[in-house]
Amino acid sequence: MSDSDPTDASHQASDPASSEPAPPNHTASQTADDQGPGWMPAILAATLLMGMAGFIFCGVSTWFLFQKRGELAVRTIRGSYIPDIEQSRLSPEQKQLIVKRLETFAESVERNEYENWQAAGVMQRLQRLPVLQWGELAAVESFVIEQDQGDTEESLKQISRLRRAAELDQATSFDFEDVLSPVHEPADNALGRQLVQPFTSTAVNEVISRAKLVADRSDIPDEMFTDIALDAIVQEQIDAGIAEGGF
């Protein structure tokens, strides 16, 4: 007689409890949930700190430069403005007078006779003055006189009206650049352009037309103006910058 009962074996095989599936394994999902947010908060915090540091650095740099406006003005005058004037088409007499006025102002700034806002105001006004273009306009004027094509007097009058507009602070270096653009060509220099050589009558006539437009816009009387001294204009703008600052 067998020790095992066949009836028991069949009963165990048909037992529903023995066929139930194993409970699901939640270990993998729990591990993923326990990993946390990762590096994102640290990256965001570092980015924020870097932005704050950059903002503070820009603020400090701006304040530092703001306090150095007098020194920067002196460096600009002696490092670029005066050398550009010395290389310009102004007459030797004009160059000498203008450089003398600029040097006097620079020396006064070095002696701390003016505040930073005054030095900055003078520089802003000097940059608007058509000092370098003044000599180029003189070259156009010489061409008109040499050609003497019948309308010389009218052309010279329009040139003088443009200078008068600058004297009254109604025309800036930007206006002069536009007026002289017909006689400009690209060049590999600090200004990026130079006078076309030789001039042509067509280009010069266009310069005269543009000069008239600027003078008309500035309400300059349609008459000849003489004795307009560039060095006096420079000094007027220096005085205005000292008294009022920039624009």
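If you check Gln94, Gln127 for being at pLDDT below 95 and in a helix (DSSP H, G or I), only one passes: Gln127. What residue, of Glu141, Glu167, Glu153, Glu136, is open to solvent by 20 Å² or more (accessible area, probe 1.4 Å), within 30 Å of the chain's Cα centre (by Cα) and among the acidic types (Asp, Glu)? Being open to solvent by 20 Å² or more (accessible area, probe 1.4 Å), within 30 Å of the chain's Cα centre (by Cα) and among the acidic types (Asp, Glu) holds for just one of Glu141, Glu167, Glu153, Glu136, which is Glu167. Restricted to the stretch 197-224, and to residues there that are open to solvent by 40 Å² or more (accessible area, probe 1.4 Å) and assigned to a loop (DSSP other than H, G, I, E, B), the residue that is nearest to Glu115 (Cα to Cα) is Asp219. What about Ala187, is it under 18 Å from Ala215 (Cα atoms), of a type in the set (A, V, I, L, M) and open to solvent by 10 Å² or more (accessible area, probe 1.4 Å)? Judged against the criteria, Ala187 is not a match.
Could you say whether any residue in the stretch 152-165 is of a type in the set (A, V, I, L, M), part of a helix (DSSP H, G or I) and under 17 Å from Val234 (Cα atoms)? Looking for residues that are of a type in the set (A, V, I, L, M), part of a helix (DSSP H, G or I) and under 17 Å from Val234 (Cα atoms), one finds at least one in the stretch 152-165, hence yes. Once the stretch 179-195 is narrowed to residues that are touching a helix residue (DSSP H, G or I) at 6+ places or on another chain (Cβ under 8 Å) and among the hydrophobic types (A, V, I, L, M, F, W, C), the residue that is farthest from Gln87 (Cα to Cα) is Val179. Which members of the stretch 115-124 meet the condition of being open to solvent by 10 Å² or more (accessible area, probe 1.4 Å) and either modelled with pLDDT of 95 or more or in a helix (DSSP H, G or I) (or both)? Correct list: Asn116, Trp117, Gln118, Ala120, Met123, Gln124. Does the stretch 101-112 include one or more residues that are closer than 27 Å to Thr200 by Cα, out of contact with any strand residue (DSSP E or B) (no Cβ under 6 Å at 6 or more places or on another chain) and loosely packed, with under 14 Cβ neighbours inside 10 Å? Looking for residues that are closer than 27 Å to Thr200 by Cα, out of contact with any strand residue (DSSP E or B) (no Cβ under 6 Å at 6 or more places or on another chain) and loosely packed, with under 14 Cβ neighbours inside 10 Å, one finds none in the stretch 101-112, hence no.
Here is the figure for the stretch 175-196: residues that are touching a Pro at 6+ places or on another chain (Cβ under 8 Å), under 14 Å from Ala139 (Cα atoms) and part of a loop (DSSP other than H, G, I, E, B) total 0.
The values are calculated or read from the model by the stated rules, or taken from the named source; none is laboratory data. Treat the numbers as computed from the prediction; the structure is a model and nothing was measured. Reconstructed Cβ throughout: ideal geometry from the backbone, glycine too, with neighbour counts over all protein chains shown. Heads up: the accessible areas ignore ligands, DNA and RNA and are worked out on the full protein's heavy atoms, side chains in. Shrake-Rupley method; radii C 1.70, N 1.55, O 1.52, S 1.80 Å.
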